Amino acid sequence: PLSHLQTRPMSDPTHSMKVLVIGSGGREHSLCWKIGKSPLVSEVICAPGNAGIGDVARIAPVEATDLDGLIALAEAERPGLVLIGPEDPLAAGLADRMRDAGFRVFGPGAEGAQLEASKAFSKDLIERHRIPTATARSFDRSGQAKGYLEGCTTWPQVVKADGLAAGKGVYICQDLAEAKVAVDAIMEEGRHGVAGSKILIEEFLVGEEASVFAITDGDAVLVLEPVQDHKQAYDGDEGPNTGGMGVYSPVPELSKRIYKQIEQHVLLPSIHMLRREKIAFRGVLFIGLMLTEGGPRVIEYNVRFGDPECQALVRRLKSDIVPILIATADGTLSEIESPEWDADTCVGVVAAAEGYPEAPRKGDEISGLEEAAAVEGVEIFHAGTKLHRNLDGHEEVVTNGGRVLTITAMGATTDLARERAYEAYGKIRYDGKFCRTDIGRRREARKETTSQA
């Protein structure tokens with residue numbers, strides 16, 4: 001996949017620098033952890049961070065959506081690089097404002113972020129540039145959407161909120177009644193707020209899901225190793241869609257032949273599309289795919305590292321990540337060395353909170369983290385956590401979101417990595433904890449679920 005990328009070493013910065021990371025999830029924890037290992041970096045600052053990020057970065061209590069506060073923070077700290085993790089500040093134009101203020105930024109501007117912020121905008125571009133995808137129609141009125149659904153002769157159909165819904169605005173509907181309930185939930189009940197003012201109704205694609213991440217400065221492309229997420233809440237791909245319940249990398253199902261197909265038919269045409277549309281893009285293009293019998297099809301674009309995919313990527317990346325980030329921000333990506341990857345497998349298991357994804361409970365004390373982190377090959381990345389001072393005056397780590405932790409483990413085989421990840425998961429304790437038990441073996445679990453049904 002790197003055949004079109006020149007491999008000339010980038011000159012190192014003359015002195016170490018601060019790096020400012022924006023965000024508070026498992027993705028940002030893993031990025032701070034990896035960035036902090038670079039000899040080019042004197043300090044990592046994270047805004048607003050979480051209970052675990054404080055172990056690898058200095059926390060700045062500025063919310064990721066407080067654009068004015070973040071600009072002021074950058075002006076005070078003068079970081080040599082700003083990395084914007086989540087999609088919301090990207091869509092709000094934080095990267096544009098940071099660049100206008102003179103900072104080196106990893107992350108696309110508001111125009112590029114529209115690829116994720118509006119599924120209708122993205123679908124229109126994909127179809128216009130003839131990139132393979134599912135057929136779809138967009139609607140801004142629930143009555144029109146239901147009328148269209150009444151004429152559908154094939155099921156399932158996929159109903160999606162147009163805007164940013166934290167990975168939870170997608171409904172796979174088995175029949176008309178289910179689809180109408182989904183339309184009402186999005187457009188009438190406002191379950192996803194303004195993200196649901198418009199919806200997309202899309203054909204259901206059959207195949208194996210895959211995620212492909214490409215770092216681009218708008219010209220050169222660096223294709224990262226393949227990873228596979230598990231979106232549904234329960235084993236065997238059952239239950240509601242979530243932001244991601246686990247991940248593994250590499251992906252045996254993605255042969256070199258299939259990856260070459262993805263590069264030729266999806267990835268490079270996508271970069272070409274951005275150029276043709278004059279959309280400046282310096283960051284990550286994360287393409288969600290379905291590998292169908294007819295070839296790879298684009299499900300969606302995201303404009304940042306995935307969560308929990310990022311956690312697996314940084315565990316397997318042997319090279320320093322910072323020169324890659326700097327070169328992307330500077331538009332010199334064609335000048336860097338090709339990164340080295342660990343041949344071992346990474347399995348990441350998400351520990352979730354009771355009620356996730358609909359209404360996760362918060363505030364439960366978490367224990368056993370040190371014991372879990374001591375398992376060989378394990379790194380634990382915090383997502384929905386915060387520090388809480390109890391009545392005795394001691395600080396404790398408590399749950400503060402639906403996806404609480406990502407327990408990652410490396411192993412020479414997928415089975416060994418799975419064994420280590422689940423051993424560590426078993427040592428962590430908090431009320432309402434749950435996870436999927438089939439991370440890294442979803443095909444087998446799906447077969448078992450089907451045979452039992």
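The values are calculated or read from the model by the stated rules, or taken from the named source; none is laboratory data. Since this is a predicted model, take the numbers as computed values, not measurements. Neighbour counts are summed over all protein chains in view; Cβ atoms, including those assigned to glycine, are modelled from backbone coordinates with ideal geometry. Note: accessible area is taken over every heavy atom of the protein model, side chains too, but ligands, DNA and RNA are not part of it. Shrake-Rupley method; radii C 1.70, N 1.55, O 1.52, S 1.80 Å.
Percent of Cα pairs in region 247-357 per distance bin of 10 Å, from zero to the largest separation: 11, 34, 41, 13, 1.
When shorter helices are ignored and each DSSP H run of at least 4 residues is given -39500 (n - 2.57), the per-residue value for the chain at 222 nm works out to -8000 deg cm²/dmol. Here the 3J(HN,Hα) profile of region 333-346, calculated from phi with Karplus coefficients 6.51, -1.76 and 1.60 at θ = phi - 60°, is 4, 5, 9, 8, 6, 5, x, 9, 10, 6, 6, 5, 8, 10 Hz, Gly and Pro shown as x. Simple spin-label estimate for E419 and K256 gives 3.0 nm between the two label positions (7 Å along the Cα-to-Cβ direction from each Cα). Of interest is the spacing of the C-alpha centroids, which for region 254-327 and region 374-435 amounts to 28 Å.
In order along region 270-278, the phi-based Karplus estimate (6.51 cos²θ - 1.76 cosθ + 1.60, θ = phi - 60°) of 3J(HN,Hα) comes to 5, 5, 4, 4, 4, 5, 4, 7, 6 Hz; Gly and Pro are listed as x.
For D219, the solvent-accessible surface with a 1.4 Å probe is about 100 Å², rounded to the nearest 10. Run through every distinct alpha carbon pair of region 164-285 and return the Kirkwood hydrodynamic radius in angstroms, one decimal place. Roughly 17.0 Å, rounded to one decimal.
P(r) for region 247-305, from all Cα pairs and a bin width of 5 Å, is 4, 16, 24, 28, 17, 8, 4, 0 %, short bins first.
So between C152 and S197, what do we pick up on full extension, going 0.36 nm a residue minus the alpha carbon distance? Provide the component values of the computation, followed by the final result.
Numbers: separation 45, 0.36 × 45 = 16.20 nm, distance 2.21 nm.
Taking 0.36 nm per residue and subtracting the Cα distance, the gain is 14.0 nm.
Scalar couplings 3J(HN,Hα) for region 86-97, obtained by applying the Karplus form with A = 6.51, B = -1.76, C = 1.60 to θ = phi - 60°, are x, 6, 4, x, 5, 5, 7, x, 4, 4, 4, 5 Hz; x denotes Gly and Pro.
Would you kindly state how much longer the chain becomes between E238 and T437 on full extension, computed as 0.36 nm times their sequence separation minus their alpha carbon distance, in nm to one decimal? Let's see the in-between values first.
On the way: separation 199, 0.36 × 199 = 71.64 nm, distance 1.22 nm.
Extra length available between E238 and T437 comes to 70.4 nm.
For a test of understanding, tell me how many lysine pairs in region 1-157 have Cα atoms under 25 Å apart, given they are 8 or more places apart or on different chains.
Details: K18/K34; K18/K37; K119/K146; K123/K146.
Qualifying lysine pairs in region 1-157: 4.
Per residue and in Å³, how big is the convex hull formed by the alpha-carbon atoms of region 144-226? Can you show the working numbers first?
On the way: hull volume 11.0 nm³, N = 83.
Convex hull of Cα atoms, per residue: 133 Å³.
Calculated translational diffusion coefficient of the chain (25 °C, 0.890 mPa s; Stokes-Einstein with Kirkwood radius over alpha-carbon pairs) equals 110 µm²/s.
Label-to-label distance for S367 and D100 is 5.1 nm, based on points extended 7 Å past Cα in the beta-carbon direction. For the chain, carbon and sulfur atoms together expose 46% of the accessible surface, with a 1.4 angstrom probe and every protein chain in place.
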